[in-house]
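To start, the structure under review is shown below, and the notes come after it.
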Amino acid sequence: MSVLELAGVHTYYGDSHILEGVDLDVSEGEVVALAGRNGVGKTTTLRTILQLTPPREGEITFRGESLVGLETHDVAARGLGWIPEDRRIFGQLTVEENLRAAIPEPGDVAAGLDLAFESFPILEERRGQDAGTLSGGQQQMLAIARGLVGDNDLLLVDEPSEGLAPQIVADVAEALSRASEDVTMLLVEQNLPLALDLADRFYILDKGRVVDEGETAAVSADDERFRRYLSA
Amino acid sequence: MILEALADFLTVSELGGVVVNGLAKSALYVMIASGLTLIFGLMGVLNFAHGSLTMVGAYLGGLLMVVTVSGGTPPLTRLALFFVAVVVAFALLSVLGGAIETTIIRPLYDRPPIYQILLTFGLTLVIEEVVRIVLDVYGLQPISDWQAALATKPQFLREPVALGPVSVGWMAMFQILLGTLTVAGIWAFLTKTRYGLYIRAGSEDAEMASALGIDVRQVFTVVFALGIGLAGAAGTLLMWDPTWGASVPLAAETLLPAFIVVIVGGLGTFRGTVVAALVVGMTDAVTTWWFQNAIEFTGLPELVLFLVLVVTLIVRPQGLFGVEEVGGH
């Protein structure tokens, strides 16, 4: 059963037409990768789902309910979490405060912190430290942990491995893999082997449209289908 | 002559008096500027109506005191009534602030900042004219301080108290107490409550905060209401201070030092505002002493405040604790 469905979604930045009729769906428990070159509309797709950049045309439904026209905080309250590509942690808040801000129910704070610290033990060591003073990798861990503690049914994950050292990428991949056992994910990731490893299905986006889709089990990262749309 | 004045200045009694006066001025400055900095920090709105709303708070607090206090009211009862007036002024101005934010500020969030500046400046003109009309109806002089409100102050607050060799006014001690309570209250609200966490998160990145489920628009309304409520509470305190008093010019008299404190501290940082209020208050007290006792030119202390502002803008344009960009929606 589809948790998230996009049908004929058109999104603009001013006069620039970014998404030109995107159709995709994500089923319960799936990890779906959204691949494509830079600038084809992957991040815009996630922003459009969250109503940060609302669509001008098309329909977006989550568990059968339309998200179009809702305020972003109302979208989030329905169980959609966002791990943005540039981390967007609150640098002047401590690590713990960043996590607390993402936990909607005060009664869930202890369990949420336990989950975050279990996934990334380094964050527990740094819990009282201003998040802006963390290393890039630790900030990415915090951004992911913030998405995990939010009691979300669907996580929109944007370029989680971007700019990270290989060892940190492995930690991040493991955390996302563990999280995917409990939460559905729509994953934007340039690192194709990582995306294919984590995802059950994939969509390829080009020039604001879905141009290919399939099961990840049936393809490899050097498949012609990816080379055609992902190579520079 | 300067050396004699310096020796006099460095005596325990004079220096102690200057420090207490400086702390009292700092307490007033922090009360005046806190609301302004909270509103700018989260919302990026420079509220030029802040001084006018402080002035409304002074008249509202004065009205409550004039109505409830008579010649025979005991001093402690007057003090208790004053605290009630502070709470009522805070509450009523908060409601007014919430109404202003939702009806006229909110539609301008997506416009350039000049729209909000012009709007709040226009609001100042409207508020001051309305107050003048009301005062005219009741036969009160708008330019001079409202003496009936000043007269509700208990006698002991007009008298000095000896702290060892230092003689200071009870009013100064009272102002320091209220300033300290205000700072402690705001700090506890911002750092110890869930809503304070939302405010700090929203002031850093409103879009990300909303994506975490935080209703940032509602937080904006609460912060604007809180900021205007603080202006009202500060106005009530100023109503009892003979150097300020409830009058229409109080709006401009409070807006300028509030902006100086907020800019010196760093736009939008509460910690910066507290430190800047101390810097500006102490500078004011020290220069006031010197220009009253060594150099006879009473206009200079105000000039020195602007000098502090100019030096800060040259040496550290973002202020003592400022970040390069705040607010955003």
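The values are calculated or read from the model by the stated rules, or taken from the named source; none is laboratory data. None of these values were measured; they are calculated from a predicted model. Methodologically, a virtual Cβ is constructed for each residue, glycine included, from the backbone with ideal geometry; neighbour enumeration extends over all protein chains shown.
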Checklist entry - Here are B:ALA251, B:ALA294, B:ALA285: which of them is in contact (Cβ under 8 Å) with a residue 24 or more places away in the chain and under 24 Å from B:ALA89 (Cβ atoms)? => result B:ALA251
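In this structure, does A:ASN38 turn out to be at the interface with chain B (Cβ under 10 Å from one of its Cβ atoms) and either farther than 13 Å from A:ASP151 by Cβ or in a helix (DSSP H, G or I) (or both)?
Values: at the interface with chain B (Cβ under 10 Å from one of its Cβ atoms): no; either farther than 13 Å from A:ASP151 by Cβ or in a helix (DSSP H, G or I) (or both): yes.
Considered against the rule, which asks whether it is at the interface with chain B (Cβ under 10 Å from one of its Cβ atoms) and either farther than 13 Å from A:ASP151 by Cβ or in a helix (DSSP H, G or I) (or both), A:ASN38 comes out as no.
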Checklist entry - Which condition does B:VAL161 not pass, out of (1) more than 14 Å from chain A (Cβ to nearest Cβ); (2) part of a helix (DSSP H, G or I); (3) of a type in the set (A, V, I, L, M, F, W, C), if it passes all the others? => result (2)
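The rows are residues; the columns are (1) in contact with a strand residue (DSSP E or B) (Cβ under 7 Å, 6 or more places away or on another chain); (2) touching a residue at least 40 places away in the same chain (Cβ under 8 Å).
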residue	(1), (2)
A:ASP200	yes, yes
A:ILE204	yes, yes
A:GLY208	yes, yes
A:GLU215	yes, no
A:VAL219	no, no
A:LEU230	yes, yes
Next on the checklist: Exactly one condition in (1) in a helix (DSSP H, G or I); (2) surrounded by 13 or more Cβ atoms within 10 Å (Cβ to Cβ) is false for B:GLU129; which is it?
Outcome noted: (2)
Checklist outcome for this item: Filtering segment A:47-84 down to residues that are away from chain B (no Cβ under 11 Å), in contact (Cβ under 8 Å) with a residue 40 or more places away in the chain and surrounded by fewer than 20 Cβ atoms within 10 Å (Cβ to Cβ) yields A:PRO54, A:ARG56, A:GLU57, A:GLY58, A:GLU59, A:THR61, A:ARG63
Next on the checklist: Name the single residue that is surrounded by the most Cβ atoms within 10 Å (Cβ to Cβ) among those in segment A:27-40 being more than 29 Å from A:ARG178 (Cβ to Cβ) and in contact with an Asp or Glu (Cβ under 9 Å, 6 or more places away or on another chain).
Outcome noted: A:VAL40
Item to check | Output for segment B:184-208, where each listed residue is among the hydrophobic types (A, V, I, L, M, F, W, C), at the interface with chain A (Cβ under 7 Å from one of its Cβ atoms) and more than 24 Å from the chain's Cα centre (by Cα) | outcome: B:ALA201, B:MET208
Item to check | Among the candidates A:THR53, A:THR44, residue that is assigned to a loop (DSSP other than H, G, I, E, B) and either over 20 Å from B:MET208 (Cα atoms) or of a type in the set (Ser, Thr, Tyr) (or both) | outcome: A:THR53
Checklist entry - On the given criteria, is A:ALA111 surrounded by 24 or more Cβ atoms within 10 Å (Cβ to Cβ), among the small types (Gly, Ala, Ser) and assigned to a helix (DSSP H, G or I)? => result no
Checklist outcome for this item: The lone condition B:LEU140 fails out of (1) under 18 Å from the mean Cα position of the chain (by Cα); (2) within 24 Å of B:LEU255 (Cβ to Cβ) is (1)
Next on the checklist: When the residues of segment B:218-244 are narrowed to those that are aliphatic (A, V, I, L, M) and farther than 19 Å from B:ALA85 by Cβ, which ends up nearest to the other protein chains (Cβ to nearest Cβ)?
Outcome noted: B:VAL219
Checklist entry - Is it the case that segment B:210-217 has a residue that's within 14 Å of chain A (Cβ to nearest Cβ), under 28 Å from A:ILE83 (Cβ atoms), among the aliphatic types (A, V, I, L, M) and not in a loop (DSSP other than H, G, I, E, B)? => result yes
Next on the checklist: Condition first: in contact with a Phe, Trp or Tyr (Cβ under 7 Å, 6 or more places away or on another chain), over 17 Å from B:TRP244 (Cβ atoms) and not aliphatic (A, V, I, L, M). Now tell me which residues in segment B:145-186 satisfy that.
Outcome noted: B:PHE156, B:GLU159
Checklist entry - Does segment A:42-59 contain any residue that is small (Gly, Ala, Ser), at pLDDT 95 or above and over 17 Å from the mean Cα position of the chain (by Cα)? => result yes
Next on the checklist: Please go through segment A:182-232 and give me each residue that is in contact with a helix residue (DSSP H, G or I) (Cβ under 8 Å, 6 or more places away or on another chain), of a type in the set (Phe, Trp, Tyr) and part of a helix (DSSP H, G or I), ordered by number.
Outcome noted: A:PHE226
Item to check | For A:PRO106: the one exception among (1) within 8 Å of chain B (Cβ to nearest Cβ); (2) modelled with pLDDT of 95 or more | outcome: (2)
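Counting only residues that are crowded, with 17+ Cβ neighbours inside 10 Å and under 20 Å from A:ASN38 (Cβ atoms), how many does segment A:173-197 have?
Here the count works out to 9.
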